[in-house]
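Notes follow the structure.
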Amino acid sequence: MIELDLAFMDEHALRVFLREQVLRRRAFVAGARGVTPPTACVLCCTLFGSSLKLRGEIVFARDEEPGAGVGVQLEPLPVEAIAAIESFLLAAAPEPEMLTRELMALKLPLPEMPEPAAPAAEEPSDPSDEAPLATPPESEPEARALHVRMRALTAAEQRRIALTGNLAERVMLERMYGPSVWEPLLSGGKLSPPEVATIARKGTLPRPLVELIASNAGWLASGEVQRALLSNPRSSPMVVAKVLRVLPKHDLMRVPMQTAYPASVRQAAKDMLKR
């Protein structure tokens, strides 16, 4: 069985990988070559010296650039593993090694399972699959009351709350109404960098809003927002260049090694480092 190594340089890259790929039972390992699908494999994900091993099957392979690498269809994760991942993704400021410790305790990789007759068809991305803004601490009754109060807002009321609401209201608004409130939320100027980063990571975010985020110097100074913009496929070359220019040199040097970023972003960082 082939073992594929995937090393992560920081917690954010691991978060993106888990949310966008592992929870959807798929993964892409850039640069892996010489494999003929279908081939059983173990995906070894490493962060801070801890490793998480996931079993799967290589269902796609490309040896030529651009886009060299392999696509992996992952086997189903046990409920405990999914819960640990979701807990990690929802935590506001988790310990860097929390996820790997919890998953290692689940004794992954999974027990041997019969190989599937055929890889599952990959479903198109749905905006409803994307993570909402992180929920601020609040009691369950308060959350239910807020949900009831906001579940039948008119478009004008949604915009008013987006522009003037507190953190809990903004989070619930984005969770319930999604794309229809991104523009007023971002235009209001009240969002914190973590809130902006959560929206900036969404692959369905319209390009004018991606550019709006990149044009705000305060938001762009946040490392979390920078990483979110670099990972978003809607970021234009102009936006990518703007983000790369404000990165500290040591962060810029890491970008070409971050497989969570599109190949075009990694190449742009390489080109900038040569100058």
Based on what the data block shows, is residue 70 over 11 Å from residue 4 (Cβ atoms) and assigned to a strand (DSSP E or B)? no
I'm trying to understand the selection: among the residues of the stretch 58-68, which are in contact (Cβ under 8 Å) with a residue 60 or more places away in the chain and either surrounded by 15 or more Cβ atoms within 10 Å (Cβ to Cβ) or farther than 19 Å from residue 264 by Cα (or both)? 59
Please count how many residues of the stretch 203-214 are under 14 Å from the mean Cα position of the chain (by Cα) and buried (at least 21 other Cβ atoms within 10 Å of the Cβ). 1
Condition test on residue 259, is it over 29 Å from residue 155 (Cα atoms) and either in the same structural domain as residue 27 (by TED's automatic domain parsing) or not in a helix (DSSP H, G or I) (or both)? yes
Per the filter on the stretch 215-235, residues of a type in the set (D, E, K, R) and under 13 Å from the mean Cα position of the chain (by Cα) are 224, 227
Go through 252, 153 for me and flag whichever is surrounded by 16 or more Cβ atoms within 10 Å (Cβ to Cβ), farther than 23 Å from residue 266 by Cα and in contact with a helix residue (DSSP H, G or I) (Cβ under 8 Å, 6 or more places away or on another chain). 153
Restricting to the stretch 141-150, and then to whatever is surrounded by 12 or more Cβ atoms within 10 Å (Cβ to Cβ) and hydrophobic (A, V, I, L, M, F, W, C), can you tell me which residue is modelled with the lowest pLDDT? 143
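Filter the stretch 147-168 down to the residues that are part of a loop (DSSP other than H, G, I, E, B) and among the hydrophobic types (A, V, I, L, M, F, W, C), then identify the one that is nearest to residue 195 (Cα to Cα).
Applying the filter and picking the extreme gives 153.
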Please find, within the stretch 16-57, the residue that is surrounded by the fewest Cβ atoms within 10 Å (Cβ to Cβ) out of those that are part of a strand (DSSP E or B) and of a type in the set (D, E, K, R). 53
Looking at the stretch 188-231 only, could you name the residues that are without any contact (Cβ under 8 Å) to a residue 60 or more places away in the chain, out of contact with any helix residue (DSSP H, G or I) (no Cβ under 7 Å at 6 or more places or on another chain), closer than 25 Å to residue 155 by Cα and part of a helix (DSSP H, G or I)? 207, 208
Please work out which one of (1) in a helix (DSSP H, G or I); (2) modelled with pLDDT of 90 or more; (3) within 16 Å of the chain's Cα centre (by Cα) is the condition residue 243 fails and give its number. (3)
On the basis of being within 21 Å of residue 265 (Cβ to Cβ), outside any helix (DSSP H, G or I), within 13 Å of the chain's Cα centre (by Cα) and not assigned by TED's automatic domain parsing to the domain that holds residue 259, does residue 13 make the cut? no
The condition from (1) surrounded by fewer than 17 Cβ atoms within 10 Å (Cβ to Cβ); (2) under 23 Å from residue 18 (Cα atoms); (3) modelled with pLDDT under 85 that residue 174 misses is numbered (1)
In this structure, is residue 164 over 13 Å from residue 229 (Cα atoms) and either surrounded by 21 or more Cβ atoms within 10 Å (Cβ to Cβ) or at pLDDT 85 or above (or both)? yes
When you scan the stretch 266-273, do you find a residue that is out of contact with any strand residue (DSSP E or B) (no Cβ under 6 Å at 6 or more places or on another chain), within 22 Å of residue 47 (Cβ to Cβ) and either surrounded by fewer than 22 Cβ atoms within 10 Å (Cβ to Cβ) or not assigned by TED's automatic domain parsing to the domain that holds residue 174 (or both), even just one? yes
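The values are calculated or read from the model by the stated rules, or taken from the named source; none is laboratory data. Fair warning: this is a prediction, and the values are worked out from it, not measured in the lab. All Cβ positions, even for glycine, are placed from backbone atoms using ideal geometry, and neighbour counts span all protein chains on display.
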